[in-house]
1. When Thr659 is evaluated against the numbered criteria (1) farther than 29 Å from Tyr590 by Cβ; (2) at pLDDT 95 or above, which criterion, by number, is the only one it fails?
2. Would you call Val457 among the β-branched types (Val, Ile, Thr), farther than 16 Å from Leu376 by Cβ, out of contact with any Lys or Arg (no Cβ under 7 Å at 6 or more places or on another chain) and crowded, with 22+ Cβ neighbours inside 10 Å?
3. Run down Phe374, Phe362, Phe409 and say which single residue is among the hydrophobic types (A, V, I, L, M, F, W, C), in contact (Cβ under 8 Å) with a residue 12 or more places away in the chain and touching a helix residue (DSSP H, G or I) at 6+ places or on another chain (Cβ under 8 Å).
4. Of (1) assigned to a strand (DSSP E or B); (2) exposed (fewer than 13 other Cβ atoms within 10 Å of the Cβ), Val747 satisfies all except one. Which?
5. With (1) in contact (Cβ under 8 Å) with a residue 60 or more places away in the chain; (2) charged (D, E, K, R); (3) more than 25 Å from Trp27 (Cα to Cα); (4) surrounded by 15 or more Cβ atoms within 10 Å (Cβ to Cβ) as the list, and Arg761 as the residue in question, which single condition is left unmet?
6. Test Asp641 against the stated conditions and say whether it is closer than 30 Å to Ser95 by Cα and either surrounded by fewer than 24 Cβ atoms within 10 Å (Cβ to Cβ) or outside the structural domain of Ala605 (by TED's automatic domain parsing) (or both).
7. Of everything in the range 163-199 that's small (Gly, Ala, Ser) and part of a loop (DSSP other than H, G, I, E, B), which residue is nearest to the chain's Cα centre (by Cα)?
8. Restricting attention to the range 353-380, which residues are part of a strand (DSSP E or B) and under 13 Å from Tyr404 (Cβ atoms)?
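The values are calculated or read from the model by the stated rules, or taken from the named source; none is laboratory data. Every value quoted in this text rests on a predicted model; they were computed, and no experiment measured them. For neighbour counting, all protein chains shown are included, and Cβ atoms are generated from backbone atoms with ideal geometry for every residue, glycine included.
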Amino acid sequence: MIRKLLSLTLLLFVLCLTSAAQQLGTWRMYLSYQIATKSVVSGSTIYSLMNGNLLSYDTEDGEVQTYDHLGVLSDGKIAYIAYSKEADKLLIVYSNSNIDLLDKDGNVQNLSALKDKRILGKEVSCVCINGSMAYLATGFGFVEVDMKEGVFRNTYKLSYTITSIAASDEAVFLGTTEGIWYCMKADNMQIEGNWKKQLDWTDITNMCFFQGKLMAMNTQALFVLDPYSSVNSTYSKGKYTFLKNTGNQLIWGNNKQIGITSDVTSSATIITIANKWTDISNTGNTYWMSEQEQGLRGYRIDGNTFVPTGEVIQPSSPIRDLGYMVNWVGDRLLVAGGINTVGSYNNPATSMYYENGEWTNFTEMEIPAEYPSFKLINTTDLVQDPLDDTHHFASLYRGGLCEYRNAKFIKHYNHENSPLHSIMETSSRYYNYMMCSALSYDADGNLWMASSMRDSVLHVLKPDGKWYNPYYEELNGVSLVDKILHHSSGIKLITSRRIEKRGIFCLDTKGTERTTDDKTIMHQTIVNQDGTIYLPDQFFCLYEDLEGMVWVGTSSGLFVIEDVSGIFDPNFQFTQVKVNRNDGSGLADYLLNDVSIACITSDAANRKWIGTQNSGAYLISADGQEMIHHFTAEDSPLLSDNVQSIAVHPETGEVVFGTDKGLCSFISDATAPEEELKKSNVVVFPNPVTPDYNGPITIRGLVADTEVKIISTGGQLVWNGTSMGGTCAWDGLANNGRRVSSGIYHVVANTPDGGKAIVTRIVIVR
C-alpha cells in the first residue's frame with residue numbers, strides 16, 4: 001500500500017512539472033491600460049483610471065496590478081474613481097451607474113441599487129468625498145453613499161442641472177446651470193426650498209474644499225469663495241481644465257501651466273510647462289501625472305519645472321478598447337479599432353497586434369502641415385503582407401490607406417499618390433473624405449481594397465507597387481464596402497453593406513486583370529430554398545468554412561451559399577439552416593432567423609462562431625442543429641452583446657471576441673488536428689486533477705475524430721468520446737454520470753479507422 005502511494009505521489013509530481021496550458025472554458029480580458037486620465041492616492045498605492053479601466057501601482061515595491069470583472073470588479077467601463085481616507089476604500093462608479101467599493105485587501109462590495117433603479121437621469125455626472133461619505137451628482141439630483149458601512153444613505157431629488165458638487169462637514173454645494181446653491185446638512189436637503197443660492201455663476205466646472213475655503217473653477221479663473229456668502233476673490237486667472245485637493249495641496253492647471261499651493265491665503269507656485277496632463281495627484285514630493293496616451297508617471301519639482309522620477313506606468317495592452325476587426329495570422333492577433341456606423345463616425349484610428357503575450361500598438365501618422373484639419377479616425381481593417389510579417393496596411397474610412405513597417409508608419413496613400421479619391425472634392429476639407437473601407441490579400445499577393453461612394457470602388461495594389469482599378473457598374477457609388485472574400489474557387493464575394501445598392505457582389509475575374517470577360521452579379525434579394533424572399537437592410541459579413549461553403553450574415557439572419565459555382569445564376573437560392581424542433585411535430589425553424597448577424601467564423605471542428613449586433617455570440621455545431629454556447633454580457637464575461645468580429649486560433653482554440661467595448665477571449669474545446677497520432681504530441685491537462693478542480697479535463701494533440709476512452713487500472717471502461725479537431729474534453733464523470741474516484745486512469749486514443757492507438761495517463765485526486 002505504501003509503495004502504491006509513493007508511486008502515485010511521484011507520478012503526480014512529474015505531471016505537475018510537465019502539464020501547463022490554459023484551462024478549457026476559461027475567459028481572458030484584453031483591456032486597455034494605456035490612456036491615463038485620472039488618479040487617486042491611497043497610502044503607498046496610486047490608483048489610475050486608464051481607458052475607463054482600473055490599474056494600481058505600489059510606490060514601495062513597484063507592483064502594477066490591473067483589475068477587471070473576471071477577477072475583482074463587478075462591471076466594466078469606469079466613469080469615476082475617488083478615495084475616502086476615513087473609510088480606507090476606493091469608490092468606483094461605472095458608466096451604467098453601478099458602484100463598487102474596493103478595500104485595501106482587494107475585496108469589493110457592489111452597490112447596484114442606483115444602476116437597477118428605474119428612473120430617468122440616473123447617470124452620474126460628478127463625484128466628491130467628504131469624510132467617509134461620497135456624493136454622486138445625477139440628472140435627478142444626487143445620492144449619498146456611506147463608504148465605511150457600504151450603504152446608500154439618502155437620495156435627493158432636485159430640479160437643478162448639476163455641473164459640479166462639493167461637500168464640507170456642514171453643507172453640500174452644487175454648481176448648476178442656475179448658479180451655485182448650498183444647503184446645510186442639518187436641514188432637510190430633500191426640500192428644495194431649504195437650498196440657498198450663493199452666487200449667480202452658472203459656468204462653474206469644478207469645485208472642492210481646501211482649508212475651509214470653497215474653491216471654484218470656471219473657464220476664466222480659479223476663485224476662493226466664502227462658503228456661506230457671496231464674498232469671493234480671484235485666486236488664479238486662466239482657462240483651467242482640472243482642480244484637485246490632494247496630498248495637503250491644491251493643484252490646478254491646463255496644457256500650458258500648473259498651479260500649486262499649500263495655503264490659499266498666500267500666492268501660488270505657477271509652473272509654465274507644455275503638457276497633456278488631465279489630472280495630478282500628490283504624494284509628498286512626488287506628483288503623479290495622468291498623461292493621456294503617455295500613461296501615468298511620477299515627477300518632482302526641480303526649480304521651476306517638473307522632472308520625471310521614473311519609468312512610465314503603462315502595462316502592455318491595447319491602445320484603446322476597440323475591436324471592430326480581429327484576425328489571427330499564425331500566432332499574431334491583428335486588431336483594427338473600427339468605425340461606428342450608427343451615430344458617430346469618429347472612432348480614433350487604432351491598429352495593433354498581440355503576439356507572445358505582448359501588445360504592439362502601431363504609430364500614427366503625423367498630420368501633414370498642409371492639411372491641419374486631417375482626422376485620423378476609423379481604422380476599418382488591418383492586414384499583414386503574406387510574404388513579410390513586418391509589413392502591414394491599415395484602411396481608414398474617410399482617411400485613405402496607411403502603410404507600416406515594424407508597426408511604424410511609413411506611407412499614406414491618398415488622392416496625390418494613389419487611385420483613392422475624395423467623395424467631396426469641392427470641399428475645403430476634401431482630404432477627410434477618402435473612404436477606404438476594406439482590405440484583403442488574394443492568393444497572388446495582390447492587396448484588394450474598396451473606396452466607397454465613388455464610381456470606381458475596387459482598387460488593387462500589386463506586389464510590384466503598381467495599381468489597377470477594375471470597374472463594375474454594379475458597385476458604382478455603393479455606400480460601404482467592408483468585406484472582400486477571396487473564395488478558394490477563385491470567385492470573389494464582396495459585401496455592399498447598406499443604402500440603395502446593398503447586397504452581395506459576386507465576381508469571377510478568370511485570373512486576369514481584364515474586365516471584359518469577367519462574370520459578375522449583384523444579389524440584393526435573398527431567396528431561400530423554400531422560396532421565402534428576404535430584403536435585408538444590411539449585409540454584414542461573408543465567411544468560407546472548411547468545406548468551402550460561404551456563410552452570409554445579414555440584418556435578416558444567417559444564410560449559406562452551399563455551392564459558390566452556382567452564384568451567378570440570377571435565380572440562385574440561398575440555404576437557411578433548419579433546426580428540428582424535436583417535439584414530435586416534424587417541424588423545424590430557421591437557424592437565427594431575423595437575428596442581426598455581424599460576423600461569422602469557424603473552429604477546427606468546422607463549428608460556427610457567430611457574433612450578433614445585440615444578442616451576443618453563439619457557437620453552433622457543424623451541422624447547425626445544436627446550439628453549444630450562447631454568450632451574452634449579462635450571463636458571461638463577454639464585454640458587450642455587440643460582437644463585431646470573432647477570430648479563432650486553430651492551434652490553441654482561443655476564441656477572441658472583438659466588441660464595441662474591447663477585446664476578450666474564451667478557450668474553446670476545438671483545435672487543429674495533428675496529421676499523425678503520436679504519443680509525443682498528446683498533452684493532458686490539468687494533470688493531476690486536484691480536489692479543488694471541477695472544470696473539463698483536456699486531451700490535446702490528437703488527429704481529427706480521434707476515439708478517446710478513459711479506462712481504469714482494472715481495465716473497466718469509464719468514459720468514451722470523440723475529439724473536436726485535435727482536442728477532446730472530458731468532464732471527469734463516468735458514463736453513468738458520477739464523478740470518478742481518486743486513482744490513475746489510462747487514456748486510450750484511437751485513430752478513426754482503428755489503425756493506430758496511443759496510451760497515456762491521468763492522475764485524479766479527490
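1. Of the numbered conditions (1) farther than 29 Å from Tyr590 by Cβ; (2) at pLDDT 95 or above, the odd one out for Thr659 is (1).
2. On the way: among the β-branched types (Val, Ile, Thr): yes; farther than 16 Å from Leu376 by Cβ: yes; out of contact with any Lys or Arg (no Cβ under 7 Å at 6 or more places or on another chain): yes; crowded, with 22+ Cβ neighbours inside 10 Å: yes.
When the stated conditions are applied, Val457 passes them.
3. Working: Phe362 fails: touching a helix residue (DSSP H, G or I) at 6+ places or on another chain (Cβ under 8 Å); Phe409 fails: touching a helix residue (DSSP H, G or I) at 6+ places or on another chain (Cβ under 8 Å).
Only one candidate qualifies: Phe374.
4. Unmet for Val747, out of (1) assigned to a strand (DSSP E or B); (2) exposed (fewer than 13 other Cβ atoms within 10 Å of the Cβ): (2).
5. Evaluating Arg761 over (1) in contact (Cβ under 8 Å) with a residue 60 or more places away in the chain; (2) charged (D, E, K, R); (3) more than 25 Å from Trp27 (Cα to Cα); (4) surrounded by 15 or more Cβ atoms within 10 Å (Cβ to Cβ) leaves (4) as the failure.
6. Working: closer than 30 Å to Ser95 by Cα: yes; either surrounded by fewer than 24 Cβ atoms within 10 Å (Cβ to Cβ) or outside the structural domain of Ala605 (by TED's automatic domain parsing) (or both): yes.
The answer is yes for Asp641.
7. If we filter the range 163-199 for residues that are small (Gly, Ala, Ser), which is where we start, we get 164, 166-168, 171, 175, 179, 186, 193.
Next cut, part of a loop (DSSP other than H, G, I, E, B) only: 168, 186.
Values: Ser168: 39, Ala186: 46 Å.
For the range 163-199, the residue satisfying everything is Ser168.
8. Within the range 353-380, the subset part of a strand (DSSP E or B) is 353-355, 358-361, 377, 379-380.
Those that are part of a strand (DSSP E or B) and under 13 Å from Tyr404 (Cβ atoms): Tyr353, Thr360, Asn361, Thr379.
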